[in-house]
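The values are calculated or read from the model by the stated rules, or taken from the named source; none is laboratory data. Not measured: the values here are computed from a predicted model. We place every Cβ from the backbone using ideal geometry, glycine too, and count neighbours over all the protein chains shown. The protein model used for the area step is the full one, side chains on, heavy atoms only, and it has no ligands, DNA or RNA in it. Shrake-Rupley method; radii C 1.70, N 1.55, O 1.52, S 1.80 Å.
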Amino acid sequence: MPELPEVEVVRRGLHNWLIDRTVADVTVLHPRSVRRHLPGATDFVARLAHTRVVEARRRGKYLWLPLDSGDALMAHLGMSGQLLLRPAHEPGERHLRIRVDFTDGQRQLRFVDQRTFGHLLVDKLVDDDAGVPLPSLITHIARDPLDPAFDDDAFAAALLRRRTGLKRALLDQSLVSGIGNIYADEALWQCRLHWAAPTERLRRPQVDALLSAVRDVMTRALAEGGTSFDSLYVNVNGESGYFSRGLRAYGRADLPCERCATLLRREVFMNRSSFSCPKCQPPPEFARF
DNA sequence: ATAAGGCCCTGCTCGC
DNA sequence: TGCGAGCAGGGCCTTA
C-alpha cells in the first residue's frame, strides 16, 4: 500500500522530528521485523544505541536515517508498515514490532506492522554511481521519477530493451522505483496505455507521456498527504491521507471512466488487480504479461 | 543477463 | 454461528 508518495509523507514527518535526536535504547518485539539485519536483533540494537540522527532520506519506497556513526537506520514499510512518533507514555499499538527511545524521553519512534512484510535494518552507507550515499543493500534500486537525477533518456532506453508487459516493468524497482500497484494503474489510465502493452513496441512519446503521468499522479497524491483506504497507511502522527478520493482507476471496477463513461474493468495478473478503461486503454495486439 | 512464478504474513470479508 | 477460501500485494528468492 505505501508507495512513493506515502513513504515521502513519512520521511518528511521523521525529518521534522528526529534531526539531532540521540537514540537511548531500542526494543525489538518481533524478530521478523529485523530479518534482513543478518547479524541479528542484538547487533541491530547495539549499532543504534547512542547514535544521533542526521537526516531522513528516501529512494523509491525505501527510507533511511543517516546516523552520526556512519551507519543508517533503513526501513521498508512493505504492505502494512507504519513509522509513528508517539509520546513515550502512550500504550503500545497491537502490532508494535520495534520501539526506539531517544535521550530526551519525549517521543518514541515506533515501527508498527500488521503483516510483517516490512522491515528495519542498520546498514553501511556507500556511494552510488553519482556519489550519493546509499544503504549498501539498496544499490540495485533505481532512482525514482521524482529524483532530480532521474535520467529520462536512460529510462526510455532501458524500458524499450525489455521484453515484458508495461505494468510489470513499472513495478520492477530496479528499472524505476517508487511505483506500486495503485500508482501504476493511475498513471497508465492517465496516459491511456494498457498494462499488457509490450515494452519493446513503445515509442518515445509514449514513454514521455508515461513519465509525465507518473510524476503528475504522484505529485498530486503527495499534496493530499498520500492515499489511504483504511487505517493501514498513515503518517507519523497516525493520520490518513486523502488521495483515495483522487483515484481515477484503482479500485473502480464497474464504475464509469471519468473521461468517456465506459465502465472500468478489473483484471487479475501477477496475482494482483489491474483496473483500466476498455475504451481509453485498449488491449494491445500482442499482449505481454 | 532477463523473465516469470512462488513464497512470506495477518486480518478482514464473503459464501455455504 | 463457524469456518475455509479469497483478497490485500512488495520484494526477495529460485528457476528457466
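Karplus-derived 3J(HN,Hα) values for the range A:209-222, using 6.51 cos²θ - 1.76 cosθ + 1.60 with θ = phi - 60°, are 5, 5, 4, 4, 5, 4, 5, 5, 5, 5, 5, 5, 5, 4 Hz; glycine and proline are entered as x. Amide H contacts for A:ARG266 (H built 1.01 Å from N in the peptide plane; partners 5 or more residues away or on another chain; cut-off under 5 Å): A:ASP254.
For chain A, the Kirkwood hydrodynamic radius from C-alpha pairs, put into Stokes-Einstein at 20 °C and a viscosity of 1.002 mPa s, yields a diffusion coefficient of 108 µm² per second. With the simple model of a label 7 Å out from the Cα in the direction of the Cβ, A:ALA149 to A:HIS50 spans 3.3 nm.
Take the Kirkwood radius over Cα pairs of the range A:150-289, plug it into Stokes-Einstein at 37 °C and 0.692 mPa s, and you get 212 µm²/s for translational diffusion. A:THR139 exposes around 80 Å² of accessible area when a 1.4 Å probe is run over every protein chain in place. The string of couplings for the range A:178-192 from the Karplus curve (6.51, -1.76, 1.60, θ = phi - 60°) is x, 8, x, 4, 5, 6, 4, 5, 5, 5, 5, 4, 5, 9, 6 Hz, one whole number per residue in order, with x for Gly and Pro. Heavy-atom accessible surface of A:GLU8, to the nearest 10 Å², is about 20 Å², with a 1.4 Å probe and all protein chains retained.
The order of A:HIS30, A:HIS194 by accessible area, most exposed first and with a 1.4 Å probe, is A:HIS30, A:HIS194. Calculated over the range A:4-138, the projected area of the Cα convex hull averaged across directions stands at 7.5 nm². Using the Karplus relation 6.51 cos²θ - 1.76 cosθ + 1.60 with θ = phi - 60°, the per-residue 3J(HN,Hα) values for the range A:268-282 come to 10, 8, 6, 6, 8, 7, 10, 10, 7, 9, x, 8, 6, 10, x Hz, with x marking Gly and Pro.
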